[in-house]
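See below for the structure under consideration.
Values quoted throughout were computed directly from the atomic coordinates according to the rules given, and no laboratory measurement underlies them. Bear in mind that the values here come from a model prediction, so they are computed numbers and not experimental data. Cβ placement follows ideal geometry from the backbone for every residue including glycine, while neighbour counts extend to all protein chains displayed.
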Amino acid sequence: MSDLDKMRNKVRKLQLRAAIAKMALQDLVEGLPGKWADIQEVAEKTHAVYAELDVAKRELASMKNLG
């Protein structure tokens, strides 16, 4: 498997994790105000996975441009 294929797989996995994090954030919002204490934790996890996805997407784009 090439490095480009590995990066594509990484992006796909991160996209799945990001979708799950987004759903968790949406579920949290629907549970407000009762779940207000969970806001920071869920938001931080969602932010982290989207930040990681952004970096991976940029790296994939760079690899595509070079190859």
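Of (1) surrounded by fewer than 12 Cβ atoms within 10 Å (Cβ to Cβ); (2) in contact (Cβ under 8 Å) with a residue 60 or more places away in the chain, M63 satisfies all except one. Which?
(1)
Which of the residues spanning the stretch 30-45 are aliphatic (A, V, I, L, M) and in contact with a helix residue (DSSP H, G or I) (Cβ under 9 Å, 6 or more places away or on another chain)?
Passing the criteria: L32, I39, V42, A43.
Which of the residues spanning the stretch 7-49 are outside any helix (DSSP H, G or I) and surrounded by 11 or more Cβ atoms within 10 Å (Cβ to Cβ)?
Selection gives G31, K35.
Quick grid of which residues meet (1) free of Cβ contacts under 8 Å to residues at least 40 places away in the same chain; (2) of a type in the set (G, A, S); (3) touching a Leu at 6+ places or on another chain (Cβ under 7 Å); (4) at positive phi:
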residue: L4; (1), (2), (3), (4): no, no, no, no
residue: R8; (1), (2), (3), (4): no, no, yes, no
residue: R12; (1), (2), (3), (4): yes, no, no, no
residue: R17; (1), (2), (3), (4): yes, no, no, no
residue: D54; (1), (2), (3), (4): yes, no, no, no
residue: E59; (1), (2), (3), (4): no, no, no, no
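Determine, yes or no, whether L4 is out of contact with any Pro (no Cβ under 7 Å at 6 or more places or on another chain), surrounded by 15 or more Cβ atoms within 10 Å (Cβ to Cβ), assigned to a helix (DSSP H, G or I) and not small (G, A, S).
no
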